[in-house]
Every structure is written in C-alpha cells, then in structure tokens.
Amino acid sequence: MEPFGESTLKGWQDTIRNELDLVFYVTAAAWPHLIKSGGASVITTASASGKLGWASVGQAAHAAAKAGVIGFTKQIAAEGGKLGIRANTISPGYVRGPGTATVISPESESYIRNSMQIDPRPLTPEDIAYTAAFLASELSRGITGEDIAVDAGWTAGRP
C-alpha cells in the first residue's frame, strides 16, 4: 500500500477536486435558486470514510474530502435554515453496485460484509436512493444539518 493511498500531489488534488470542490460548485450555482424557492432540500453524499479511518485502505484524500462534505453540509444547513433551506448528508458504507464491482474482489466484499457491517446483507444503490427520497420529501422537514449513515451498522459497530 502506498502512503496515504493517493501518493502523489496530483492524486490528492484530483480527489479533493472531484469529491469536495464539485459539491461546493454545484451548491453555489444552485444557491440563488434555492433561496428563491422558499424551501428546499440539499442532499450531499459523503462516506463512512469521512467519519473514521480504515487501516487496510490508503485513502487519506478520500477521507479528507468526505469529512469536508459533511462539514460543508452542516454549515450550509446553518446558513440556509432561516431561508427555508435544509441540508443533509448521506454517508454510505460499502455499496454493491456497478462502481464497486470492478474494484472490490469477492474476498474483499466478504471481509467487508462479515467484519465491518452489523447487517451482513450488501447495501445497494437503491438503499441510498430511498434515503435521499426521504430527505427530499416533506416527511423529513424537521431534519437538517445531519449526516445520515447508510452503512449497515459499520460506523455503529466500530470502537
């Protein structure tokens, strides 16, 4: 494993740009429209990695970017509250889907499911989508500034 995972300055910069800066740019572009709407829900995506480290994977830039997304979202929730704008983050754990199928071996998936998740069923993209649909709806109108873990208990089960 290379130090910090993203071992080059370019790797660090690319990760921060693609995982944190893009969240800022999209939100900044949408902000005037959100204000005009009089009530909106901003939903960002972070990661369980933004809340805790993972010794077997070098992912310093990914963890830093996702922690930044969590902090950014809490701040825009505070700033947007009086404007009727809610903001929440979804932090997935391991999700089985097209993006992970090419980089996670069956052995690694088995390790993740058996040792890092309380609920050993693999999460799917739909699990994340259901949470986003709830956060976008009026059913969640009292929720803002929160980071919602959709991680099958990974962060709950870690010391």
Value of relative contact order over the chain, rounded to a whole percent, pairs C-alpha under 8 Å and six or more apart:
27
Pull up all non-local amide H partners of Thr45: gap of 5 or more, or a different chain, and H-to-H distance under 5 Å with H placed in the peptide plane.
Ile90
If you line up the long axis of helix 60-80 against the longest principal axis of the chain, both from Cα atoms, how many degrees apart are they, to the nearest 10?
20
Using a cut-off of 25 Å between alpha-carbon atoms, which lysines can reach Lys74, once sequence neighbours fewer than 8 places away in the same chain are excluded?
Lys36, Lys51, Lys66, Lys82
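Sort Leu22, Leu135, Leu9 by Cβ crowding within 10 Å, fewest neighbours at the top. Before the final figure, lay out each step's value.
Values: Leu22 13, Leu135 21, Leu9 8.
If I rank by nearby Cβ atoms, fewest first, I get Leu9, Leu22, Leu135.
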Pulled fully out, how much extra length does the chain show between Gln13 and Ala29, if you take 0.36 nm times their separation in residues and subtract their Cα-Cα distance?
3.6 nm
List, in order, the whole-Hz ³J(HN,Hα) value for each residue of segment 105-110 obtained from phi through the Karplus relation with A = 6.51, B = -1.76, C = 1.60 and θ = phi - 60°; use x for Gly and Pro.
6, x, 5, 5, 4, 4
Rounding to the nearest 10 and keeping the result within 0 to 90°, find how far the Cα-based axis of helix 125-136 lies from the longest principal axis of the chain.
20
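Each value in this text was obtained by applying a stated rule to the coordinates, not by laboratory testing. All values derive from a computational prediction rather than experimental measurement. Don't worry about glycine lacking a Cβ; one is built from the backbone with ideal geometry, like all the others, and counts go over all protein chains shown.
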